[in-house]
Amino acid sequence: MNNAVLRLTDVTRTHGAAPHEVLALRGVSFAAYPGELVAVMGPSGSGKSTLLTIAGGLDQPSSGEVSVEGVDLARLGQEGRARMRRTSIGYVFQGLNLIPALTATENVALPRELDGVAPRRARAEARRALEEVGILDLADRFPDNMSGGQQQRVAIARAVVGERRLILADEPTGALDTETGEGILQLLRARCDAGAAGVLVTHEARHAAWADRVVFLRDGVVVDETGTDRADVLTEPAAR
């Protein structure tokens with residue numbers, strides 16, 4: 001199949017230089033399709049977060065190719081990748097990355113405004129996204145006046161605002177109670193059911209249960225996959 005929203009082809013990522021270099025990813029091939037939520041699991045240090053940062057264009061592979069909606073991210077340049085993140089890719093970071101001087105609405109609307117959407121429309125979209133994650137009543141509050149869980153929901157609203165074709169989420173429920181976390185996963189699931197592709201990094205099997213497929217990483221290598229009969233979605237690298 002060639003209609004993947006996200007495709008990694010034989011991607012390797014090396015940090016540092018010999019003799020102290022670390023292979024974070026070793027020839028990983030991976031794809032996510034419209035309407036599909038893929039969970040990525042594995043022990044700490046297995047390469048899960050590296051996979052997400054490369055998929056979102058925040059980092060570049062040492063070798064291999066990454067494409068979003070058929071566009072090779074390496075060919076876009078830094079400005080082009082930034083534009084794609086504002087328009088097509090929603091990213092939920094572990095560190096949240098909210099701007100303290102902006103309200104919840106302003107944080108969520110910022111990527112839309114940077115892409116040229118009129119402020120009034122961008123803020124209306126932001127308020128709808130905040131309502132989706134259950135915190136519209138906090139629209140005018142600053143991050144420092146919110147709990148960790150509330151800040152997490154602002155970050156998730158920012159990731160899903162607008163027409164995002166790819167949603168990348170790195171432990172998105174980490175700061176949330178069980179009920180709220182389930183609601184966020186339900187939202188991600190609904191966005192994928194509506195046609196987006198989603199990639200969810202998680203340690204929790206109950207969260208992975210929301211996904212269509214689960215991909216397992218260990219030491220930067222894909223070692224297993226469950227929940228699909230598509231032979232071409234993911235190619236497991238040769239055993240090392």
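The values are calculated or read from the model by the stated rules, or taken from the named source; none is laboratory data. These numbers were taken from a predicted model, which means no experiment stands behind them. Ideal geometry is used to build each Cβ from the backbone, glycine not excepted, and the neighbour counts take in all protein chains shown.
Does Val215 count as buried (at least 19 other Cβ atoms within 10 Å of the Cβ), out of contact with any Gly (no Cβ under 6 Å at 6 or more places or on another chain) and outside the structural domain of Gly116 (by TED's automatic domain parsing)?
Spelling it out, Val215 is indeed buried (at least 19 other Cβ atoms within 10 Å of the Cβ), out of contact with any Gly (no Cβ under 6 Å at 6 or more places or on another chain) and outside the structural domain of Gly116 (by TED's automatic domain parsing).
Among the candidates Thr87, Thr178, Thr173, single out the residue that is touching a Gly at 6+ places or on another chain (Cβ under 9 Å), surrounded by fewer than 20 Cβ atoms within 10 Å (Cβ to Cβ) and within 29 Å of Trp210 (Cα to Cα).
Thr87
Working carefully through the options Glu69, Glu65, find the one that is more than 14 Å from the chain's Cα centre (by Cα), surrounded by 15 or more Cβ atoms within 10 Å (Cβ to Cβ) and on the phi > 0 side of the Ramachandran plot.
Glu69
Do any residues in region 6-18 that are farther than 21 Å from Ile167 by Cα have Cβ atoms under 6 Å from those of residues that are aromatic (Phe, Trp, Tyr) and not in a strand (DSSP E or B), where the two are at least six apart or on different chains, and which pairs are they?
Taking only residues 6 or more apart or on different chains, not a single pair turns up.
Would you tally the residues in region 28-62 being surrounded by fewer than 20 Cβ atoms within 10 Å (Cβ to Cβ) and on the phi > 0 side of the Ramachandran plot?
Matching residues across region 28-62 total 2.
Going by what's in this entry, would Thr14 be described as more than 20 Å from Gly227 (Cα to Cα), assigned to a strand (DSSP E or B) and touching a Gly at 6+ places or on another chain (Cβ under 7 Å)?
Here the answer is no, as Thr14 does not meet what is asked.
Looking only at region 177-204, which residues are assigned to a helix (DSSP H, G or I) and within 24 Å of Leu8 (Cβ to Cβ)?
Matches in region 177-204: Leu185, Leu188, Arg189, Arg191, Cys192, Asp193.
Six or more apart or on different chains, Cβ under 9 Å: which pairs go from a residue in region 30-48 that's part of a loop (DSSP other than H, G, I, E, B) to one that's of a type in the set (Lys, Arg) and buried (at least 23 other Cβ atoms within 10 Å of the Cβ)? Could you list them?
Sorted first by the residue in region 30-48, then by its partner, the pairs are Gly42/Lys48.
Name the pairs: first residue in region 160-189 and farther than 23 Å from Arg123 by Cα and among the aliphatic types (A, V, I, L, M), second residue crowded, with 20+ Cβ neighbours inside 10 Å and modelled with pLDDT of 90 or more, Cβ to Cβ under 7 Å, at least 6 apart or on different chains?
The qualifying pairs are Leu185/His207.
Evaluate region 101-122: report whether one residue or more is assigned to a loop (DSSP other than H, G, I, E, B), modelled with pLDDT under 95 and within 21 Å of His207 (Cα to Cα).
Within region 101-122 (the criterion being assigned to a loop (DSSP other than H, G, I, E, B), modelled with pLDDT under 95 and within 21 Å of His207 (Cα to Cα)), the answer is no, since none of the residues qualifies.
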